[in-house]
Structures are given as structure tokens and as C-alpha cells.
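What follows is a single structure, written as C-alpha cells, with notes after it.
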Amino acid sequence: MTGAPVPPPDAPVAGQGDAKGTSPGPTTLRPARPRWRETLGLLARNPTAAVASLVLIGIVLMTIFDETLAPQGPSEVSVEDRLQSPSWAHPFGTDDLGRDILSRVILGAGVSLRVGFLAVGIALVIGTLIGLLAGYYGRWVDDVLMRVMDMLFAFPAVLLAIAILAVRGAGSGNTALAIGIVYIPIFARVTRASVLGVREEVYVRASRSVGASDFRLLTRHVLPNAAPPIIVQTSISLAFAVLAEAALSFLGLGTQPPNPSWGLMLAEGRGFIDIAWWLAFFPGMAIFLTVLCFNLLGDGLRDVLDPRQRTLMAGSGR
Amino acid sequence: MRATRPLALAAVGTLALSACGGGESVDTGGGGGGGEDTLVAAVSAQPDQLDPHVTTAYASFQVLENVYDTLVVPDPEDLTMQPSLATEWETSEDGLEWRFTLRDGVTFHDGSEFDSADVVYSYNRIIDEELSNSFRFQNVESVEADGADTVVITLSQPTPNLLERIGSFKGMAILPENAAEDLDLTTEANGTGPFQLESSDASSTVLTAYEDYWDGAPSVDGVEFRYITEPAAALTALQNGEVQWTDNVPPQRIESLGGDDSVQLETTPSVDYWYMSMNYDRPPFDNRDVRRAISFALDREEIAEAAWFGAAEPNQTAIPEDSFFHLDYSPFERDPEQARQLLQQAGVTTPLTMGLMVTDEYPETVTAAQVIASQLDEVGIDVQIEQLDFATWLDRQGAGEYDAFYLGWLGNLDPAAYYQEQHQTDGPNNYQGYSNPQVDELLQQGATETDDDARKEIYDQAATIIVDDVSYLYLYNPDVVQAWAPGLSGYQIRADKAINFENVELP
Amino acid sequence: MVVLAGVSVIVFALVHLVPGDPVRLALGTRFSQETYDTLRERSGLDLPLVQQFFTWLGGAVTGDLGVSFRSGDTVTALIAERLPATLTLAFASILVALLIAIPLGTISALRPRSIIDRFATVVSQFGISVPDFWMAIVLILVFAGTLGWLPSGGYVPLGEDPLGWLQRLVMPAVVTGTVSGAVITRFVRSSVLEAIGADHVRTAQAKGLPARQVFTWHVLRNALLPLVTVTGVQLAYLLSGVVVVEIVFSWPGLGQLALQSVQARDYPVLQGAILLFAVVFLIINLVVDLLYTAIDPRIRR
């Protein structure tokens, strides 16, 4: 799973009553079992999300073992063998340079996913930090930070990515950087909104009154409880990051040939759609499937992590 | 649903309002040639502007070819220079003075008469204002009128290729006197060509026939150049009948379109050549043996087949087969063993990393680069492909920030154009840093030798040395590929890729 | 306002950070040094950057966005030329999107976990996950190529040829509309769900109001807020030009213009276009805020 595990709550706070979690109550109820285990349990009950997670785990495994799994190297050019339709020798066919598409799709998973994870990683870390600070400290900090976010947000995403890539040069690393920067405002906003909600919670105020330091508060109380929407956003952004990499490669700016990123393969296959559909079809399906799974996972997580719905589900399940 | 209806209505309303606005374009026969006899041509890009002396974009010249004339033009078949606005010319004994006799009875689109003042104005505009093609007039000392129907060009040195310099394409077009003051040349045109400019916007550029064209009015009523970037869309439009001509044909479609009855596909060798160049400032690429090794390691046939699907002729020199100046010289038979030996000899430890700069402005080169990479991999050279957009590419070329790059020179007609600027010491386009005094001398001679056979001799010698030294690593001459509606007649596909519709007749 | 200022600085800086020399690009590969120098001077590119920035900014404030380096037209003219196409596609897409999203999202919220709900989820997932250029090319091949029902692209103004206008609008609007529709469907669903479970709805039910009235008045009204927001975001996105779809369908919109100006390093056009997008974005935000206060009386207080 992509989200950080939510740590179990620590010292009880006065006024919360029995923390055994037997009855649905106000949204600040702390469950008896560690949250992440309950999350997993609830998630498992949602078949689509469960399947999606399994597929994603499969894809990640495929990425790790890509070299062993791929029958051929990604750059074995063999012009005589080019544009062959799918067959036993080449289950996904060959491309315009005679390279085995199945191998390229398998190896491409690594490239596309790495870009996606790196991009979202950048956006997550920086965006969450900004949102955290803005939401928690409020006033001028909030103003300044959110204004800067607005400025970034007002930029059309595609153009911002293109501009960043033009400045830094193309390539997977820079593509991840460009996409990451584009997504920072979203994470900042989501975090900020969530933090605003949590900030006024009783246990936070109480901790503050007891004299807990800001840092401790932020890390032990605010962040973990503000986490759910951020986790959901992560999953969704991963989906979009993979799509964005594909679009940028389509425009010629993303991954460099001959690296087999799915987006690049799709771009290369675009010119062959009417004579050799398999060039674009298989990487397209791969993108579609991966993106779909990230979205389904995100949906499932949202259903599970949204406190209101969670208590509804938890309550009705018994 | 009450709440959504206003929203939907508002959306539709705005939709209708916005659609009514704008669009000065005359979409003649929106579905494809409807009542009017207009040829619709699908081109892949929009002209950036229409001033022939300023623009350098091929997309602009596709249009301007039909709107303006030059004093002389390349013959469609063999590209030798033929009379156009000039009917005859003579050179003085010392070769420093050329007298052009101008054609009678030529009028511009606005009805005004053409005479020597227009030629003088046009050429002096290019020279005095340092416009894009002023380098072609380098040897020109003056351009003067001698009466209304003669123009005298005085040179600083004999220039055997003067005709090519002033007539190879419409960048040296003849404008009416004071055109730049009377018109906004970036969006308006007043030429002597077979078609006049009617409109140009974001969708298409429309030309209408000029009845009083000096070579006879065109057979079609007009031409619409429609911009369709996506090849699949362009070809679909051609097969549908929405357009009747296109040059947006990717090489891999050649085979399938060849057998397609709804489309007439033609190819012809072009005057372009594509090459690889290495940076002499970056060892070990300054070592002749290393460069020769790379040349031996390549299989040009395979590259041409892979990137161009056979629509390219491998060539180890620059000048294509069909030209009078062609030299048949291929010293580099594919030999990986020899390549490896040469590398060893040069003291290079493998794997040697080599960055190869390509631009997606020419997508076939990206494909070719990958084939090159796999071929060079066999001899221990690890090619790192760097795909850049054209602007960045040019920057880095100019700054010398590359190991090797891959590009072409297009639209060359004269051997000087093929070899001089790129291989002369400190030549304006000698980015690689090649310098060979023998070659310099030969090129100088070739630039002033007026006898064609002697010229060929000289350039043959120069070319041999250039190829042996691998100043450029020549790869191939690609074909021109165009497709049009079956039954379309009067159009000739040309090696210099000029698009001329003056004699076209629709099926 | 501050945002706008910030954006202009970022735009200018970013655009000029990009390597690539517009003069060199414009002159092609064969030119003389004098030609280069003259052109550079003529376009003001040899002035110090700060001076260029303030010249541009000063002009922009009065509505003069400068002159395109590539074509010599004024930037405003170039943008105005492409505005109808972009507006048409944007609003058509939103229309398609809402036509998909509102019925689908509402019904699936009313009957959670039913067949309709599952179907809506599948459709919305599909819409979000499919790469738009892929869908675009497939549609062209099928509807323009194989079936020959629709033209393969291009744009015709409504006034000239209403049928042609509509025919060319269908495919691009479907592509972008489906993607936007998918996004909006999810919001509709979740906000309707939320609204149904909200306290005041239950109160209304408790009061005994007829179900229909409860539904339309209270539920929709509150579900409308997130819908307005997300529609606004989608509209802003569509108005800034969906580059890829425009390229595939030869749709002469602002996205294409922006991409061309990046490739040609046509700074004035690029700066003008991005500034315009930022302004549009801010205006839409403003409109959304106003709609909020109109719809939700609580906020008005």
C-alpha cells in the first residue's frame, strides 16, 4: 500500500469516554484496534479495491523482477522481425524496430512506475509540508503559502510541465520533477483542508494547553489524523502521474528513447495504429490497467478512511 | 431537475454565442471541394508568416511557391535553372556582370505592371535590411536597372551558381516596388504567381486563381492549404475525399497506401541528405580513426530500412544519385571487425560513451538513432540518445555542447550548397570544427569555376577527402513522399519538395 | 491581484530560463551573422531582461501583449483568432460532461451498490484512466476512417456551416467531455450521498415533507456546491487548451498556440497565453465563489 501506516493513538484524553469503540459516536472516536489493521480489514471487504491492490502488488513485483521476467532485452533491434503481429514467439508482437513488445511492456512498468512514484513523492513531501504549516499556523503563514500555491495552480498543468522540462532537459528524472512540481498545490490544499479540520479537535487543543510542543503536536496528533485524505490523494495522484508521463512522452518531452516507458511506447505506436495496432494497444492497456487500479484503490481507501463512512461501515458490519 | 437546467441552458447558450464569433476564413467546400473547383491540400503545419524575404519555414513556402515568382526557377524534372520572370541572361567575360532580360506583360495581383524597378527593390530590400536570405547575395555588389526590362547584377567575384542563389526557392521572390510600405507583408501578399492570397488563419490558408497569370490562368479556381498535423487524420481525410492532396505521409504507410485504390501515392528521390557529425572539440572524436571506425560500424541499409521503410537511398556522399554532380564513392563497407581494430588503434577503451543529439522535429531520426545505437553497441560504443526540441538542439549545436548529432541539410541544389559552408575551415555551418587546407583550396576553386565538367572534377576530389576524413558521416538521401486523389492531374512531385499547383486539374 | 503579479513574474522568468534562441530558430540553419544581429536587435531581445520584463508588463496592463516574434501579428490578435474554437470545445465538453455526470452520479447515489451504481463507477473509472490521445485516435480511425460518418477534424465556425460545425465538434467534445464527466460523476455521487445523509435532510423528512420536495430542494442544493467547484476546475482546465486533443483533431485552439509558441520560443505569445490562462482561472474562481454564496444561504451569513 502506498500510504504511511497510521500509528495507534497514545495517551487517553479527558472527556472522550470509553475508548473501547463498541458504539459509533462522534467522529473523533479512537478505535480499539490499531487503525491500520482495521483499515486493511475494511478494505478487504471491498472486492474491487482488494482486487486492485493485488494487481498493483503484482505490477510492483513485476517491476522488481523485470529483468528475469522479460524474455528479451528492451533494445534488441532486429529490423527483419519488425511489425510482427502477436504470436507464440512474441506474445505481444514486435514493434517497428523488431523489439519484443512483451519485454518492453514488462520493463516499461519500472520506468513508468518509477516516474510516477518519484513525482508523487516529491509532491507529497513538499505539498504536505506546505499544507501542514499553512493549516496549522494560519494567518500570514497561511496567506503567503497559499498564495504561492495559487500561483502555481493557476498555471495550466501541461504548460508548466513542458516549461520545466524545457528548462531542465528531457528524461525520466526531470519528467518526475516536472510532474511533481505540478502536483504540489493539490497536496498542499488537501493537507491544509484536512489540518484545518483536525486543528480544532478537542484532543489537539487539549494537548496544546498541556504544553506540548508544536513539533510533537504536528507529528503525533495532527498529521496522523489529517492523513486519510492525503493517502487517498496519493493513490489518485499516482494514477494521474502515470497518465501525465504518457502524455508528456507523447509530446516528445518525457522519457528518452530507447527506454521503454509505456508513454513513449504509446507515442511511438501512435503512427502505426492502423497497420500494427499492437504497438499502441498493449502499452495503452498497461497504462489503463495500472491507472485504473490506483483509482480503484483510492476509491476504496476513501470509503474506508473517511471517518463518517467508516463508522457507518464498521457499525453495520457487526 | 430544476437546479441543473439553468446550468445546462447557460452552457448551451454560451456555446452558441462563442461559436458564432470569429473565423474570417473562407472554408470553401467545408466537406471537400463542394460546388467550387478548389483543391484542398492537407499540410502538416501552419505558415508562421507570409513575408517571403523573412520567413524560413517550409510551411510558409508551400503556400508562397504559388503566390510569388523569382527571376529563374528550378526545372521540375531535373532542377536545372529555367527562365521565369527573366527570359534570358548573359554573363560578362570576367564573370562579374550578369544581365537579365525581363519578361514582358507580367502583372502583379493588384494589376500593376512588373518591371526592373521591382527586381531592384526586392533584392536591395533583402540585402540592405539584412533579411533571412541576405547571405545568398554575399558576392553581389550592386543590383541596378538598365531600362524597364533589364537588370544588371554586379559581383565581387565570379559566381557560377548565381542562378541557384537567386532562384532556388521563393525566399528571393520579386515583390512590387515599395511593397513593404504598402502592405503588411506578414499577412498580405501581392505577387506575380498563379494564385493570389485570399485569407490565412488558424485553420487554413486560402488562395484563389489569378486569371492574368503570365503563364496562363490555373485550371482550378483556388487552393486551400488546410493544416492537419496528425498523419492518421490527414490520410483519413484524403481517403474520405475531404482533401485531395497531402504530404503528411509517414514512411510506414507507404506500403499500405501503395496498394490502396482510393489514394495515389508517389515517391521520388529528394535533394536532401542526412548525416551524423562528431564534435572535434571532444576527444576521442577528434581522432580520424575513431570517426572512421564509427563509419565502418554502421549498416546504412538497415538504418534506411528501419527509419524510412526503404524510402531512402543510402549514400556515403552528400549529393544524390540523380544529380549531375553525383560521385559514386563508398569506401565504408560495413565491417565491425575493422571498426573494433581502428578503435583499438586509436587507443580507445571500450565501452566508449557517445551522446547523440537528435530532435523530434524530425521523428524518423529518432528511430534511426536507435538503430545506430544498436549497431554501434556491437563494436563497444555506448550511444546515449538525447532527444531535444529543435530550439534547444540548435542552442547546443551552436554552443558545441554535444558529442555527436544527427541532422540533415534540405533543399540543396548546387554542389557548393552541399559542401562549402559545412566543411570549409571556419565555414558558417562548420560546427564540427573540421579543417583541411586541401579541401579549402578545392572548395574555393569550385566556387568560382564556371565550366560544369571542371567543377564536377573539383567537387569530386573535395568530396572524397571529406568522406575519408569523416567530416560528416553521410547516411542517406530520403525520398519525397506525397499522396493525392486518384485522377488528379497536372501535378508533379519534385525532388526539391516545392509544391506547385499551377497546372493542377481536379478529378 | 497578488497572484496575478506572481504569475507574471514566474511566467516571464520560466519562459526566459528555457534554453533555445528564438532568433536562431527563426532564421533556420543558413544565415549570416549580420542578419542574426539585426533581427535580434529589431525584436528587442538584446535589451537587458529586467527592462524587457517591465516593458512587457507595462504593455500587458494596458491590454497590449506585444507582437508575436514568429508571425508578426499582435499577440491579442492571435489569441482572439483562436478563442472561438477553444470556447466552443470547452463549453461543449462541459455540456457532455454534465449530461453524463449529473444523471449518472445522482442515480448511483440514490441507489448505492445497485447495477446502476456499479455501471457508473465503471464508466467514471474508464473515463479517468484512459489516455485521451489514444481514445482520440481510435475514434478518428473508427468514425472518420472505417465508418466515414464524421470528418476527421478541423474547425468550422457555426455561422458558416452549422452541420459541419456540429460534425467536427462531436468527437473532440466526446473525448474531453468523457474525461471531465468521469471526474465530475464521482463528485456528484459523493456529494449527493453526503447531502442525503445530512441532518437537515433528515429533519425535512421528519417534518413530513414529500420526498420529491425534500430531494430537489435540500439535497440538490447542497450537493450543488462541490459540483460547482469541480465544474469550475474542469472548465478552467478545458479553457487553458487541451493540447493533445487539439493536435489530434486539428482543432485550432489556444492549447495548440501555446505549444507552438513553446517550440518556437515565441516569448510574447507564450507569456500572453499563460497570463490569459491565469486570468481565466482567477475569474472562474471568483464566479464559483459568487455562486457559492448564491446557493448556500449559510455562507451568506
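The values are calculated or read from the model by the stated rules, or taken from the named source; none is laboratory data. Here the structure is a predicted model, which is why all the values come from computation and not from measurement. Here the Cβ is made from the backbone with ideal geometry for all residues, glycine too, and neighbour counts use every protein chain on show. What goes into the accessible areas is simple: the full protein's heavy atoms, side chains included, and nothing from ligands, DNA or RNA. Shrake-Rupley method; radii C 1.70, N 1.55, O 1.52, S 1.80 Å.
Taking every alpha-carbon pair under 8 Å whose residues sit at least 6 apart, the stretch B:107-189 reaches a relative contact order of 34 percent. Scanning residues 5 or more positions from B:Met81 or on other chains, those with amide H under 5 Å from its amide H are B:Asp75, with H placed 1.01 Å from N in the peptide plane.
Determine the shielding of peptide C:155-163 by partner chains: average, over its residues, the number of Cβ atoms on other chains within 10 angstrom of each Cβ. Intermediate results must be reported in sequence, preceding the final value.
Working: counts 9, 7, 10, 9, 5, 6, 4, 1, 2.
Per residue, the average neighbour count from other chains is 6.
Coupling constants for the stretch A:170-179 follow from the phi torsions by the Karplus curve (6.51 cos²θ - 1.76 cosθ + 1.60, θ = phi - 60°), and in residue order they are 6, x, 4, x, 5, 4, 4, 4, 4, 5 Hz; glycine and proline get x. Charged neighbours of B:Asp286, selected by a Cβ distance under 14 Å, balance to 0 (K, R count +1; D, E count -1). Note on exposure: C:Val9, B:Val366 ranked by accessible area (1.4 Å probe, complete protein assembly) read C:Val9, B:Val366, with the most exposed listed first. If only the Cβ of Lys and Arg carry +1 and only the Cβ of Asp and Glu carry -1, the dipole of chain C around its Cα centre is close to 1420 debye.
Estimated translational diffusion coefficient (Stokes-Einstein, Kirkwood radius over Cα pairs, 4 °C, 1.567 mPa s) of the stretch B:134-212: 85 µm² per second. Remark: the stretch C:44-57, residue by residue, has Karplus-estimated 3J(HN,Hα) of x, 7, 9, 6, x, 4, 4, 5, 4, 4, 5, 4, 5, 4 Hz, where x stands for each Gly or Pro and the curve is 6.51 cos²θ - 1.76 cosθ + 1.60 at θ = phi - 60°. In the assembled protein chains, B:Phe324 presents an accessible area of approximately 110 Å² (probe radius 1.4 Å).
Taking all protein chains as shown and a probe of 1.4 angstrom, C:Asp289 keeps an accessible surface of around 90 Å². With a 10 Å cut-off around each Cβ of C:277-286, the average count of Cβ atoms from other chains is 2.
Remark: mean inter-chain Cβ contacts per residue of B:52-59 equal 3, using a 10 Å Cβ-Cβ cutoff to other protein chain atoms.
For the protein assembly as shown, the share of DSSP beta bridges that are antiparallel, to the nearest 5, is 75%. When you restrict to C-alpha pairs under 8 Å that are six or more residues apart and normalise by the size of the stretch B:162-272, the relative contact order lands at 12 percent.
Taking Lys and Arg as +1 and Asp and Glu as -1, the other residues whose beta-carbon sits under 11 Å from that of A:Asn295 total +1. Expressed as a whole percent, the accessible surface of the stretch C:237-276 that belongs to carbon and sulfur atoms is 68, based on a 1.4 Å probe.
For the stretch A:183-200 and the stretch B:272-293, what is the centre-to-centre distance using only Cα atoms, to the nearest Å? So the separation of the two Cα centres works out to 55 Å. Each Cα pair under 8 Å and six or more residues apart adds its separation to the average, and for chain C the resulting relative contact order is 26 percent.
Helical runs assigned H by DSSP (4 residues or longer) give chain C a calculated mean residue ellipticity at 222 nm of -24000 deg cm²/dmol, each run adding -39500 (n - 2.57) before division by the residue total.
Over both sides of the C-A contact, add up the buried accessible area with a 1.4 Å probe and give it to the nearest 100 Å².
Using a 1.4 Å probe, the pair buries roughly 3400 Å².
Relative to the Cα centre, the charge distribution of the protein assembly as shown, modelled as +1 at Lys and Arg Cβ and -1 at Asp and Glu Cβ, gives a dipole magnitude of about 12120 debye.
If you add up the charges near C:Asp37, with Lys and Arg at +1 and Asp and Glu at -1, over every other residue whose beta carbon is less than 15 angstrom from its beta carbon, what do you get?
Charge balance in the 15 Å sphere: -4.
Mind jotting down the distance between the C-alpha centroids of the stretch B:140-154 and the stretch A:94-124, whole Å? Answer, in whole Å: 64.
Note that the protein assembly as shown shows a convex hull volume over its alpha carbon atoms of 185 Å³ per residue. Going by accessible surface with a 1.4 Å probe and the largest first, A:Thr128, B:Thr350 read B:Thr350, A:Thr128.
Here the 3J(HN,Hα) profile of the stretch B:41-48, calculated from phi with Karplus coefficients 6.51, -1.76 and 1.60 at θ = phi - 60°, is 10, 8, 10, 8, 8, 8, x, 7 Hz, Gly and Pro shown as x. When C and B come together, around 4900 square angstrom of accessible surface is lost from both chains combined, probe 1.4 Å. The mean accessible area for residues of the protein assembly as shown, using a 1.4 Å probe and ignoring ligands and nucleic acids, is 40 Å² per residue. Accessible area buried by the pairing of A and B, both sides summed with a 1.4 Å probe, works out to roughly 1600 Å².
Distances between placed amide hydrogens fall under 5 Å for B:Val481 paired with no residue 5 or more residues away or on another chain.
Of B:Leu257, C:Leu65, the order by accessible heavy-atom surface (1.4 Å probe, DNA, RNA and ligands excluded), from most exposed downward, is C:Leu65, B:Leu257.
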